[in-house]
Amino acid sequence: MAHQENTTQNIDYGDVITSWRIPEFDKHERTKKWYIAASIAALLLLLYSFISANFLFAVIIIIAALVIILNEGKEPDKIKIELTGEGIVVGRKFYDYDEIENFSLIYKPRQEIKNLYFEFKSALRHRLSIPLENMNPVPIREILLKYLKEDLERTDQPLSEALAKFFKL
């Protein structure tokens, strides 16, 4: 029996209310100084991992360096985001509104932050972060309020995203 992959092309997830496209990943402009600093940091971490006999940490550092190097010349593909009456479609993945605990919108134009965050009911699922790109956040919020609760306590982007942006990772 042949395996069939579920894709958004052949499954009806309800009427699309709005959609936009986002880059697959953030493409950072890195200078020569960044590469020198990153190389020194990686070598120091490798040295530490060998001194402490933590060889798994060394493997993780090497894999992380390889991922950064291999993705350096790659341009990010565009992924389609769709808000439907049933849930959210991100590329080929579908997230039913029933699986999502709440959403929050962080819009800080001066800091160039305009993101949509979804927290899942399951503790095993990681937070979903979606850039709004050139979309107006007000209509997006109005659409989502019909289906989900809004987390008004979240006022800043998560620390992990801020650090990734700062270190250009």
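The values are calculated or read from the model by the stated rules, or taken from the named source; none is laboratory data. None of these values were measured; they are calculated from a predicted model. Cβ coordinates were reconstructed from backbone atoms using ideal geometry, including for glycine residues, and neighbour counts include every protein chain displayed.
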Per-region count, region 114-126, residues touching a helix residue (DSSP H, G or I) at 6+ places or on another chain (Cβ under 9 Å) and either more than 11 Å from Asn102 (Cβ to Cβ) or of a type in the set (D, E, K, R) (or both): 6
Among residues of region 43-82, those that are closer than 30 Å to Met135 by Cα and modelled with pLDDT under 90, counted: 8
Flag for Tyr147 being more than 18 Å from Arg21 (Cβ to Cβ), among the aromatic types (Phe, Trp, Tyr) and either under 18 Å from the mean Cα position of the chain (by Cα) or not in a loop (DSSP other than H, G, I, E, B) (or both): no
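If we keep just the residues of region 45-60 that are more than 17 Å from Phe167 (Cα to Cα) and aliphatic (A, V, I, L, M), which is nearest to the chain's Cα centre (by Cα)? Write out each step before concluding.
First, pick out the residues of region 45-60 that are more than 17 Å from Phe167 (Cα to Cα): 46-60.
Among the residues that remain, those that are also aliphatic (A, V, I, L, M) are: 46-47, 51, 53, 56, 58-60.
Working: Leu46: 27, Leu47: 31, Ile51: 34, Ala53: 33, Leu56: 26, Ala58: 26, Val59: 24, Ile60: 21 Å.
Step by step, filter region 45-60, then rank; the result is Ile60.
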Region 11-25: number of residues that are out of contact with any helix residue (DSSP H, G or I) (no Cβ under 6 Å at 6 or more places or on another chain) and either outside any loop (DSSP other than H, G, I, E, B) or more than 30 Å from Gly85 (Cβ to Cβ) (or both): 7
Failed item, numbered, when Glu142 is tested on (1) without any contact (Cβ under 8 Å) to a residue 60 or more places away in the chain; (2) outside any helix (DSSP H, G or I); (3) charged (D, E, K, R): (2)
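Here are Ser19, Ser52: which of them is among the hydroxyl-bearing types (Ser, Thr, Tyr), without any contact (Cβ under 8 Å) to a residue 60 or more places away in the chain and not assigned by TED's automatic domain parsing to the domain that holds Asp156? Lay out the reasoning, then the answer.
Working: Ser19 fails: without any contact (Cβ under 8 Å) to a residue 60 or more places away in the chain.
Only one candidate passes the filter, namely Ser52.
Taking the condition of being part of a loop (DSSP other than H, G, I, E, B) and in contact (Cβ under 8 Å) with a residue 24 or more places away in the chain, how many residues in region 30-43 meet it? If you could, list the steps in order and put the result at the bottom.
First, the residues of region 30-43 that are part of a loop (DSSP other than H, G, I, E, B): 30-31.
Within this subset, residues satisfying the condition of being in contact (Cβ under 8 Å) with a residue 24 or more places away in the chain are 30.
Selection size over region 30-43: 1.
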